[in-house]
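All remarks here apply to the structure that follows.
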Amino acid sequence: MNKARPIPFRKMNGLGNDFVVLDARAHPVALDSAAVRAIADRETGVGCDQLIVVAPPTSGDMDAFMAIWNNDGSEVDACGNATRCVADLLISETGKPEVVIGTNAGLLRCTRPGEGLATVDMGTPRFRWDEIPLARPVEDTRAVVLDTGPEVPELGPASLVNVGNPHCIFWVGDVAAYDLARFGPVLEHHPIFPERANISLAHVADEGHIVLSVWERGAGLTRACGTAACAVAVAAARNGLAGRKVRVTLPGGDLSLDWRESDGHILMTGPLSYDYEGTLPASTVEPAGTDA
Ligand SMILES: N[C@H](CCC[C@H](N)C(=O)O)C(=O)O
């Protein structure tokens, strides 16, 4: 009988987007929304934007599987910044120049271009209305006018992209001129997004540089959002606002994006950090297979 045991974790971050990373490869854990919220709570738990579980590979073509939860307890399929963190863990462990991380959004090939850096192939972005997904057919997802109430300022048409998760991007002249914390949740829960959406304000400084502020689905304002940086890079290129290689500046720092011509994959490069290690009391996360 598996006795409930304390669970070790690593606290990590990518440009200040922070994670509790549980390694469940030796001992499986059973998480539910309540347990995730408890761990992620910055007052009474460890505190994080997302909770990440590194699990054994589910097929022979990956080094590990990565599960992702937002701090509201919702499980999601993609997290760019956390993928860089897990990639570095696996590259250090295996000594391999490239590792493959399995996620519910697909296989992600990761390399280490330098100490403290990771490059992730985030795959191909999707643009069809039913791939975002949207609640109704929309012909052109490059410029969609959302009907919003008075609590949302005039932001113009949005560009919609899925990079393993749904993103809604507004193009503005100055991201600091808007109180995204106030109207972000309204847009996150807009009825056109049946699975909610991550909301970005993007300023295209020049054809190689975009400034970005993000209200994350299920986590709120974060210091960085890797998938939003991927989404805004491809949306800007698709709308003719920037080139296919851009630097994206988030509150926590810069990411480099390359929407590769040869295969349409989006490559994201940026830093990752190890903050500290800790142990969660056994009661927090009931390991799978423990008798009641
Ligand atoms: N809030 C996102 C998941 C985390 C994404 C973000 N932390 C990143 O680095 O991509 C969602 O619900 O789709």
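The values are calculated or read from the model by the stated rules, or taken from the named source; none is laboratory data. All of these numbers come straight from a predicted model, not from anything done at the bench. Quick reminder, even Gly has a Cβ in these numbers, built from the backbone with ideal geometry, and neighbours come from all protein chains shown. Accessible surface is based on the protein model in full, side chains and every heavy atom, while ligands, DNA and RNA are left aside. Shrake-Rupley method; radii C 1.70, N 1.55, O 1.52, S 1.80 Å.
Can you find a residue in the range 212-233 that is outside any strand (DSSP E or B), more than 16 Å from the ligand (Cβ to nearest atom) and either basic (K, R) or under 20 Å from V120 (Cα atoms) (or both)? Taking every residue of the range 212-233 in turn, none turns out to be outside any strand (DSSP E or B), more than 16 Å from the ligand (Cβ to nearest atom) and either basic (K, R) or under 20 Å from V120 (Cα atoms) (or both).
Every residue, every condition in (1) charged (D, E, K, R); (2) touching a helix residue (DSSP H, G or I) at 6+ places or on another chain (Cβ under 7 Å); (3) on the phi > 0 side of the Ramachandran plot, yes or no:
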{"residue": "A176", "(1), (2), (3)": "no, no, no"}
{"residue": "G184", "(1), (2), (3)": "no, no, no"}
{"residue": "E207", "(1), (2), (3)": "yes, no, no"}
{"residue": "E216", "(1), (2), (3)": "yes, no, no"}
{"residue": "L241", "(1), (2), (3)": "no, no, no"}
{"residue": "D258", "(1), (2), (3)": "yes, no, no"}
{"residue": "G264", "(1), (2), (3)": "no, no, yes"}
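At least 2 residues being within 13 Å of the ligand (Cβ to nearest atom) and hydrophobic (A, V, I, L, M, F, W, C) is the threshold, and among the strands (runs of 3 or more DSSP E) wholly inside the range 47-150 those reaching it are 50-55, 64-70, 117-121. If you go through the range 172-198 and pick out every residue that is out of contact with any Asp or Glu (no Cβ under 6 Å at 6 or more places or on another chain) and not in a loop (DSSP other than H, G, I, E, B), you end up with 10.
Applying the condition of being open to solvent by 30 Å² or more (accessible area, probe 1.4 Å) and touching a Phe, Trp or Tyr at 6+ places or on another chain (Cβ under 9 Å) to the range 105-139 and asking which residue is nearest to G60 (Cα to Cα) yields A135.
Pairing each residue of the range 187-209 that is modelled with pLDDT of 95 or more with any residue that is in a loop (DSSP other than H, G, I, E, B) and among the β-branched types (V, I, T), provided the two are 6+ apart or on different chains, yields C-beta distances under 6 Å for L201/V172; H203/V172.
Within the range 214-240, being hydroxyl-bearing (S, T, Y) and either open to solvent by less than 10 Å² (accessible area, probe 1.4 Å) or free of Cβ contacts under 8 Å to residues at least 24 places away in the same chain (or both) holds for one residue alone: T227.
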